[in-house]
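What follows is one structure encoded as structure tokens, with my remarks underneath.
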Amino acid sequence: MEERKKKIFGISWNVFLLGIVSFLNDMSSEMIMPVMPSYLMEVLDAGKLLSGSVMGAIESMSSLFKVAFGYVSDRFRKRKAFVFAGYALSTLAKGALAFTRYWWDFLLLRALDRIGKGIRTAPRDALIAESSEKGKTGKSFGFHRMMDTLGAVAGPLVAIALIEFLKSLPAETAYRYIFLLSAVPGAISLFVIILFVKDRGGEVKKKIKGISTLKNRNLQLFLAVVAIGALGRYSYAFTMWKAQELGYSVVQSIAFYALFNLIYALSAYPLGVYSDTFGKKRMITLGFGVAALAALAFAYARNFYTLIAAFVLYGIYIAIEDTIPRAYMADLAREYEKGTIIGAYHTVFGVFVFPASVIAGWLWGSYSLAYTFTFAAAMNVVAMVLMAFVRE
């Protein structure tokens, strides 16, 4: 208990350390994320619909496991083991991308990476909630998302540096080196988990008696709204394809992506802190509105300034969506089922992200990217309106 009282930057040491882990892991992930769209299209020769569907499947894959491993970690009260296993599987899968030859083995390894995310996410988020001061979950999750996204800022910058350093090599070879090197920061994060992160689940003495919170009608309505909002979620790859459609190079589109992640990182922590007083329901509703504006900006971007505005709005939208609902669910959940409840949120969201990207890919291939983003805007407007029926 004494160690739990130790704080840095106003948060517990455990939350701080999990932020470091996420920084390193996301740096690893984001080193490869910006080059994956080009790798799929140019090296693996996947078409537009297939590329969009593959990216969507990758985003959705992990969610099928989140509620299950959240529940198992609730049962055993040992979050750390699941957090380590999930990060380890992802690190191995990312490095192995260097040896892919077809879209299907690429998809298999990306699926293993996402399965790793599915194993770790709900137990990690539950551990963050358990390590947080009461009434300050927004602050803790905001800090964690900030650190996670600072890694996402560093990753593309490292990717740009590597592309420049390896520019004398064929593009395919350079991509493969980047995949291999991405495993290094991921491996460092594993040592941080082993040596420093502590379990907190044992401090909750009450045994599981049922998933009572999931039977709450208000929570069920919120999860339905989450599903509709997820239909308006499009992979980051579509934003990069939009930049390339306007004539920007792969390296320039990576720079736009780094800007998005910088805005995300700078927004997540203050928005998380503010949500503790402003109200998490209000902040989530606002997030759907910002999401609609971002999608419309991408749809009708014709010049540099509109595209910049789109990426800025996209960064704020994702900062809200990836931070506040987690804290909201943690506040709703009873102490003995936080992993299960947070996992349920991730699962519902992820299950609906896959058809969203299939639809987005089909609209792009059949019509244009403008239709893809307009559809996303419409879904977020519907979700924003329906939030009025969710009680505080």
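Nothing in this text is a laboratory measurement; each read-out follows from the coordinates by a stated rule. The structure presented is a predicted model; accordingly, all values stated were derived computationally and were not measured. Cβ atoms come from the backbone with ideal geometry, glycine included; neighbour counts cover every protein chain shown.
For this structure, a couple of remarks:
- The stretch 216-285-the stretch 344-392 distance, computed between alpha-carbon centres (Å): 12 Å
- Overall form of the stretch 205-315 per C-alpha gyration tensor (a/c, 1.5; a/b vs b/c): prolate
- Translational diffusion of the stretch 285-348, µm² s⁻¹ [Kirkwood Rh, Cα pairs; Stokes-Einstein; 4 °C; 1.567 mPa s]: 98 µm²/s
- The chain: Cα Rg divided by the 2.2 N^0.38 Å rule of thumb: 0.93
- Between the Cα long axis of helix 79-96 and the first principal axis of the chain there is an angle of about 10°, rounded to the nearest 10.
- Neighbour counts of C-beta atoms inside 10 Å place LYS78, LYS167 in the sequence LYS167, LYS78, starting with the fewest.
- Among 18-30, 283-295, 98-110, sorting by the average number of other beta carbon atoms lying within 10 angstrom of each residue, highest first, gives 18-30, 283-295, 98-110.
- Fewest-first ordering of LEU92, LEU127 by other beta carbons within 10 Å of each residue's beta carbon gives LEU92, LEU127.
- Three principal axis lengths of the stretch 269-392 [C-alpha, angstrom, descending]: 48, 28, 24
- Loop-located trypsin sites (Lys or Arg not before Pro) in the stretch 267-309 whose Cβ has at most 11 other Cβ within 10 Å (DSSP): ARG302
- Local electrostatic count, ALA98, Cβ distance below 12 Å [Lys/Arg +1, Asp/Glu -1]: +1
- Overall form of the stretch 336-392 per C-alpha gyration tensor (a/c, 1.5; a/b vs b/c): oblate
- Ranked by how many other Cβ atoms sit within 10 Å of their own Cβ, fewest first, the residues TYR269, TYR305, TYR234 fall in the order TYR305, TYR269, TYR234.
- Distance between the stretch 63-84 and the stretch 173-191 - C-alpha centres, whole angstrom: 26 Å
- The charge dipole of the chain, taken about its Cα centre with unit charges on the Cβ of Lys, Arg, Asp and Glu (plus for the first two, minus for the last two), comes to roughly 1500 debye.
- The angle between the Cα long axis of helix 103-130 and the main principal axis of the chain comes to about 30°, on a 0 to 90 degree scale.
- Greater than 31 Å apart at Cα, pairs in LYS80/LYS139; LYS94/LYS136; LYS117/LYS280; LYS7/LYS280: LYS94/LYS136
- Kirkwood hydrodynamic radius over Cα pairs of the stretch 226-278, then Stokes diffusion coefficient at 20 °C and 1.002 mPa s, in µm²/s: 164 µm²/s
- The local environment of ALA171, defined by Cβ-Cβ distances under 14 Å, has a net charge of -2 under the rule Lys, Arg +1 and Asp, Glu -1.
- Sum of -39500 (n - 2.57) over DSSP H runs of 4+, divided by residues of the chain (222 nm, nearest 500): -26000 deg cm²/dmol
- Dipole magnitude of the stretch 218-355 about its Cα centre (Cβ charges: Lys, Arg +1; Asp, Glu -1), debye to nearest 20: 180 debye
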